[in-house]
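Read the structure below first, then the notes.
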Amino acid sequence: MGEVETSSVLERAFEKAGLGVAYIGTNRRFARVSPRLCEILGYPERELLRLTGKDISHPEDADVINQQRTRLYAGEIDAVRVEKRYLRKDRTVVWVSFTMVLERAADGAPQYEIAVYDDITARKTAEAALRAGEALFRGTFELAASGIAHVGLDGRLLRVNRQLCGILGYREDELVGRTVKEISHPQDRDLTDAQRSQAHAGGRQSVRFEKRYLRKDGSTVWVSLGIAVVRGEDGAPLYEIAMFDDVTERKQAEAALREAHEELKRSNAELEQFAYVASHDLQEPLRMVSSYTQLLGRRYGDRFDADAGEFMGYIVDGAARMKQLIEDLLAYSRVGTKGKDFRPVELDRPLRRALGNLKAALDESGAAVTHDPLPALPGDELQLTQLFQNLLANALKFRSAAAPRIRVEVSEKDKFFEIAVRDNGIGIEPQYFERIFMVFQRLHNKGEYPGTGIGLAICKKVVERHGGQIRVESQPGEGSAFIFTLPKERANGG
């Protein structure tokens with residue numbers, strides 16, 4: 001599937017899904033929302049994108065998702081599944097069945113969350129009605145928006161409502177008397193047995209599942225199933241009340257999103273490989289351009305006028321800059337594809353190597369570099385050397401009139417180390433903080449400060465491969481601090 005096709009799959013999943021879908025940044029703010037989610041929450045898209053999930057959560061449910069989010073980020077669970085309340089723009093309450101998965105980069109670092117919202121307000125209303133009393137239940141049984149059934153302890157359907165008949169494609173008389181297993185998907189027939197037994201024994205008040213059933217026409221329907229046990233006065237189980245919600249569209253949307261993102265991962269890997277091959281193959285013609293231009297100058301230079309000599313200088317300089325650009329592109333593409341396995345690294349080793357590689361520039365500028373005691377942690381020593389070298393070279397390049405003073409500081413946190421490379425250079429305007437970590441983004445022309453605009457992008461990619469984050473703090477004329485985190489334990493995918 002090509003990139004255009006992948007995008008169209010994703011767009012169709014967003015625009016046509018019957019459930020709300022959102023991308024949520026790691027800052028918890030909505031990054032993209034589907035039309036259906038805007039309908040569920042009652043906000044226009046432009047307003048919803050300015051909010052976080054917590055901003056519109058019911059006060060009593062504000063932290064329901066966060067109780068599982070930490071486990072999701074830690075890789076202990078594959079998805080967050082909760083039911084919670086939100087406040088619509090008109091301040092009415094909407095109940096949502098919420099499922100969230102975490103999209104990670106190739107190095108395992110969290111990139112963003114994908115959340116699917118199913119409006120289950122009607123089902124919750126029906127459940128509340130059931131709790132209110134049998135009389136009210138009889139009045140709402142046939143009108144409920146969810147499928148409802150009474151199920152005997154032997155698993156046979158005792159009573160069903162019209163909605164359940166619609167979900168499963170059977171008439172009422174065709175369903176009553178059948179066992180739940182008869183109409184279950186073969187792979188899901190025993191899915192609920194263990195937890196149902198616990199509920200019958202009193203170990204659980206209710207149980208919830210997502211499972212597949214086979215409709216009368218043989219097609220598969222995904223159902224969100226909630227089961228509660230009705231007991232007699234002696235506490236013995238009498239029968240089950242089961243609530244069925246058709247979540248087939250949501251499941252199809254989730255599958256489409258997973259397929260699209262897997263395709264995007266493969267596409268990104270192919271693009272990285274292409275960048276490496278293309279960059280490598282471009283080196284040879286550049287060497288020829290530079291070598292033959294210099295040879296032309298040596299052999300026939302006395303026959304050229306001043307303009308011709310100047311033009312040949314431009315050619316050689318351009319070839320040299322293109323060669324440097326290609327080498328930087330190679331380094332950037334290889335961060336994710338050619339990195340070494342993570343091993344314990346004493347961080348003073350890559351720092352010393354970086355200082356050794358920059359010795360001439362350090363001596364020429366009169367720079368002084370000091371550092372705190374550096375920790376040991378799992379990592380790729382070559383890439384960490386590259387990280388320090390690029391940050392130190394950046395401090396040397398953008399120095400002020402004063403001799404450079406560079407300090408490497410270390411702060412220990414709970415699960416990671418925070419490392420800051422501080423300088424007394426010319427500083428950076430705050431509006432450029434994000435831009436400087438992007439490929440080819442330069443704040444100065446190459447005449448003022450040489451370089452390709454890739455060095456800090458490489459730093460960002462190295463840090464993210466190690467499971468950390470990088471940011472900058474700076475004020476013009478007051479120096480800069482590039483601050484990055486490195487986990488104490490090996491990052492997933494490293």
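The values are calculated or read from the model by the stated rules, or taken from the named source; none is laboratory data. Here the structure is a predicted model, which means the values were calculated and not measured. No Cβ is skipped: glycine too gets one built from the backbone with ideal geometry, and neighbour counts run over all protein chains shown. Side chains included, ligands, DNA and RNA excluded: accessible areas come from the protein's heavy atoms. Shrake-Rupley method; radii C 1.70, N 1.55, O 1.52, S 1.80 Å.
The figures follow:
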{"quantity": "Residue check for Phe209: under 34 Å from the mean Cα position of the chain (by Cα) and without any contact (Cβ under 8 Å) to a residue 24 or more places away in the chain", "calculated": "yes"}
{"quantity": "Failed item, numbered, when His261 is tested on (1) modelled with pLDDT under 90; (2) open to solvent by 30 Å² or more (accessible area, probe 1.4 Å)", "calculated": "(2)"}
{"quantity": "Helices (runs of 4 or more DSSP H) within segment 347-459 that include 3 or more residues surrounded by 13 or more Cβ atoms within 10 Å (Cβ to Cβ) and modelled with pLDDT of 90 or more", "calculated": "348-357, 381-397"}
{"quantity": "Count of residues meeting criterion [without any contact (Cβ under 8 Å) to a residue 12 or more places away in the chain and either more than 37 Å from the chain's Cα centre (by Cα) or within 26 Å of Glu142 (Cβ to Cβ) (or both)] in segment 166-202", "calculated": "5"}
{"quantity": "Odd one out for Glu182, checked against (1) open to solvent by 50 Å² or more (accessible area, probe 1.4 Å); (2) touching a helix residue (DSSP H, G or I) at 6+ places or on another chain (Cβ under 7 Å); (3) under 16 Å from Val151 (Cβ atoms)", "calculated": "(2)"}
{"quantity": "Residue satisfying condition, being open to solvent by 70 Å² or more (accessible area, probe 1.4 Å), assigned to a helix (DSSP H, G or I) and modelled with pLDDT under 90, within set Leu143, Leu136", "calculated": "Leu136"}
{"quantity": "Candidate set: segment 243-258, residues that are of a type in the set (A, V, I, L, M, F, W, C) and in contact with a helix residue (DSSP H, G or I) (Cβ under 8 Å, 6 or more places away or on another chain); chosen: the one most open to solvent (accessible area, probe 1.4 Å)", "calculated": "Ala256"}
{"quantity": "Whichever residue in segment 221-244 is assigned to a strand (DSSP E or B) and not aliphatic (A, V, I, L, M) and, among such residues, is farthest from Thr121 (Cα to Cα)", "calculated": "Pro237"}
{"quantity": "Wholly enclosed helices (runs of 4 or more DSSP H) of segment 153-212 bearing at least 2 residues under 24 Å from Arg231 (Cα atoms), of a type in the set (Asp, Glu) and at pLDDT 90 or above", "calculated": "none"}
